[in-house]
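So the structure is just underneath, and the comments pick up after that.
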Amino acid sequence: MSDETLENLLSEDRRFPPPADLAADANITQATYDEANADPEAFWAERADLLTWGSKPTQTLDWSNPPFATWFADGTLNAAYNACDRHVEAGNGDRVAFHFEGEPGDSRDITYAELTTEVKKAANALLELGVKTGDRVAIYMPMIPEAAIAMLACARIGAPHTVVFGGFSADALASRITDCGCEVVITADGGYRKGKASSLKPAVDQALQQCPEVRNVLVVKRTGQDVEMAEGRDLWWGDFVGKQSAEHTPENFPAEHPLYIMYTSGSTGKPKGILHTTGGYLVGTAYTHWATFDLKPETDVFWTAADIGWVTGHSYLVYGPLVNGTTSVMYEGTPETPHQGRWWEIIQKYKVSILYCAPTAIRTFMKWGAGIPAKFDLSSLRVLGSVGEPINPEAYVWYRENIGGNRTPVVDTWWQTETGMHMITPMPGVTSGKPGAAMTPFPGVSIDVVNDEGHPVGNGEGGYLVITKPWPAMLRTLWGDDERYVSTYWSRFDGLYFAGDGAKKDADGDLWLLGRVDDVMNVSGHRMSTTEIESALVSHEKVAEAAVVGATDETTGQAIVAFVILRSEAGDGGADVVKELRQHVANEIGPIARPRQIMIVEELPKTRSGKIMRRLLRDIAENRELGDVTTLQDSTVMDLIKTNLATAP
Ligand code: 6R9
């Protein structure tokens, strides 16, 4: 890292200690860290007691064939039983599992007893369709309770699911169905987004033209749109699941039985099928969910505002929370429908106490202005979480102040589809939070930052983030491609898991994430992170959101190009806004960081999980044809940006 980069990050000196009442009754204390540090494996072995096992494991980690790990391998269990039935058996059947809030305003509470019954019926339906243990099932759904029910029904009969995000194209769906050989697909007619019914079933029909191996499609009726039902292949969920028996005895599977496959994009074109298995994944997600959010299942109302088609939805909307017997909110739609206060209205309605969302959402709310959340009663909130990308210090402070009423700790959780569970995060009852820092490894998790040679860097230095010991919820391999698993994650540095993220240790040894390694720019020999320049831009009063890319430049190697969305209060920013912002970055970080170009735009291209697609912005910055736009949340954004820039003076 350049000295300029380090100095700027090191100058962040705001600290937010845990609130005294939270700390006094916190699930995690310093003693938890001490216990985990003394013997991480014994620590995780004990955490296995969070689950109900058919036969209790006597083994913990087996790392005799690295990088292929097993955890709790001689234990057996059923994931759906752990998420549903056991809460009913414990007398908590009346507790709400999901407060479902549909975008048009319909809502539905589902108790653990109801969820258990629905999952049993759906499991029986899959069995009637001939789905056997080990068969893969594709799920392509809007954010409705049946999406979680479908996942749990698969898990109950030992059929790994692969959830394909509902915003993905028919081609993306087809390639995933083919890659993991699914013969059954679960979908819906459509879902509600931005005040309209948007369709899903036609994309399935189109995808299946390329997937003759698919025998059956189960279709949930959500919007009532007209859909074509292929005779003999397509069945309505309401009829077919509805008529099933509500009795189903769960079978216990080995801890290493595959639970699901989730596709995520890699640096090359072909998506990677991340494989998660049952025992270690459930121990890891349930424990981190309980610890990071200081969860009190009897009283908290928890809301992960993320789609089920993203790993955050799997780990912290479905598996972690349900295994813990949590009451969660599930919201179908977009934050601005029918008005920009929708999220805050939901928090007020259900008295949400823990909110978990992405920085991109927070920056959007900043753009809309603090006046909107101020109209709602958000006093139930006690912990706020962030996930998906580095949170800029300004966004962190805004979130804490305007949503958290200056009371709530903000936990910035770093993890990946591959890690399955939180890996770096503050603990709300222990850590004095620093805005912008993910802080410390989760208890029992071993993280380091290394240089090009794989040697740990010192405090005040930056490098590559690595994980130095196996962890329970780690991916086991890439579906059908052990070789790519080894080469992608375990070959860059001997014996270390390479996460692909840049990070630094500050003077106290606390961790700051700097974005993907491929987002690190090299300008005239200075390494600079896109995140850091974005944070500098967002710290300017006129800026709501910024995305920075390194564009190839004849003179400097790479040059910094910034795309900026202004806050609504700033209007058009004034004639000199670009000059002002370039100077601001130079002041904040140093002249070397002054962007070559700043483009004022209305929107940024993002994936559904909220990640800015810098690749596309780089195409624009370098005047190239746009690459693949199929994973964009809104594919019209790029047209809008291009048109704007073409007509700009
Ligand atoms: C959970 C999730 C993983 C990548 C990861 C990193 C980025 C996620 C972050 C963060 C900084 C955080 N990332 N959380 N960067 N601070 N708190 O997002 O999984 O979709 O697989 O993305 O996201 O770059 O490598 P996934």
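The values are calculated or read from the model by the stated rules, or taken from the named source; none is laboratory data. Please read all numbers here as calculations on a predicted model, not as lab measurements. Cβ: placed from backbone, ideal geometry, glycine included. Neighbour counts: every protein chain shown. Areas reflect the complete protein model, heavy atoms only, side chains present, ligands, DNA and RNA absent. Shrake-Rupley method; radii C 1.70, N 1.55, O 1.52, S 1.80 Å.
Numbers at a glance
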quantity: Test: W490 is away from the ligand (no atom under 13 Å from the Cβ) and among the hydrophobic types (A, V, I, L, M, F, W, C); calculated: yes
quantity: Single residue of G280, G325, G284, G320 found to be away from the ligand (no atom under 16 Å from the Cβ), crowded, with 24+ Cβ neighbours inside 10 Å and either in a loop (DSSP other than H, G, I, E, B) or at pLDDT 95 or above (or both); calculated: G280
quantity: Some residue of the stretch 483-494 being in contact with a Pro (Cβ under 7 Å, 6 or more places away or on another chain), within 27 Å of P67 (Cα to Cα) and open to solvent by 30 Å² or more (accessible area, probe 1.4 Å); calculated: yes
quantity: Where I274 falls short, out of the listed (1) in contact with a His (Cβ under 9 Å, 6 or more places away or on another chain); (2) within 14 Å of the ligand (Cβ to nearest atom); calculated: (1)
quantity: Every pair of residues 6+ apart whose Cβ atoms lie under 6 Å, when the first sits in the stretch 234-246 and is open to solvent by 20 Å² or more (accessible area, probe 1.4 Å) while the second is part of a loop (DSSP other than H, G, I, E, B) and modelled with pLDDT of 95 or more; calculated: G238/K221
quantity: Residue count, the stretch 57-73 (criterion: touching a Phe, Trp or Tyr at 6+ places or on another chain (Cβ under 9 Å) and either of a type in the set (G, A, S) or closer than 22 Å to N324 by Cβ (or both)); calculated: 5
quantity: Candidate set from the stretch 503-518 (those that are under 23 Å from P470 (Cβ atoms) and modelled with pLDDT of 90 or more); member that is farthest from the ligand (Cβ to nearest atom); calculated: G509
quantity: Pairs, first under 14 Å from F100 (Cβ atoms) in the stretch 128-154, second open to solvent by 10 Å² or more (accessible area, probe 1.4 Å) and among the hydroxyl-bearing types (S, T, Y), C-beta under 8 Å, six or more apart; calculated: P142/Y192; M143/Y331
quantity: Failed criterion for W290 (all others in (1) within 30 Å of I177 (Cβ to Cβ); (2) open to solvent by 10 Å² or more (accessible area, probe 1.4 Å); (3) touching a residue at least 40 places away in the same chain (Cβ under 8 Å) hold); calculated: (1)
quantity: Top-ranked residue of the stretch 1-36 - restricted to ones that are modelled with pLDDT under 95 and in contact with a Pro (Cβ under 6 Å, 6 or more places away or on another chain), ranked as surrounded by the most Cβ atoms within 10 Å (Cβ to Cβ); calculated: E12
quantity: Complete set of residues in the stretch 196-210 that are out of contact with any helix residue (DSSP H, G or I) (no Cβ under 6 Å at 6 or more places or on another chain) and aliphatic (A, V, I, L, M); calculated: A197, L200, V204, L208
quantity: Test: T187 is hydroxyl-bearing (S, T, Y), within 31 Å of the chain's Cα centre (by Cα) and open to solvent by less than 50 Å² (accessible area, probe 1.4 Å); calculated: yes
quantity: Cβ pairs under 6 Å, 6+ apart, first in the stretch 301-315 and near the ligand (Cβ under 10 Å from one of its atoms), second in a helix (DSSP H, G or I); calculated: A306/T312; A306/G313; S315/T285
quantity: Near pairs, Cβ below 7 angstrom, 6+ apart or cross-chain, from the stretch 386-408 (charged (D, E, K, R)) to any residue that is modelled with pLDDT under 95 and open to solvent by 30 Å² or more (accessible area, probe 1.4 Å); calculated: E389/K611; E394/S539
quantity: Residue count, the stretch 293-310 (criterion: at pLDDT 95 or above and either open to solvent by less than 10 Å² (accessible area, probe 1.4 Å) or out of contact with any Leu (no Cβ under 8 Å at 6 or more places or on another chain) (or both)); calculated: 12
quantity: Check on S524, among the small types (G, A, S), within 15 Å of the ligand (Cβ to nearest atom) and either at pLDDT below 80 or open to solvent by 30 Å² or more (accessible area, probe 1.4 Å) (or both); calculated: no
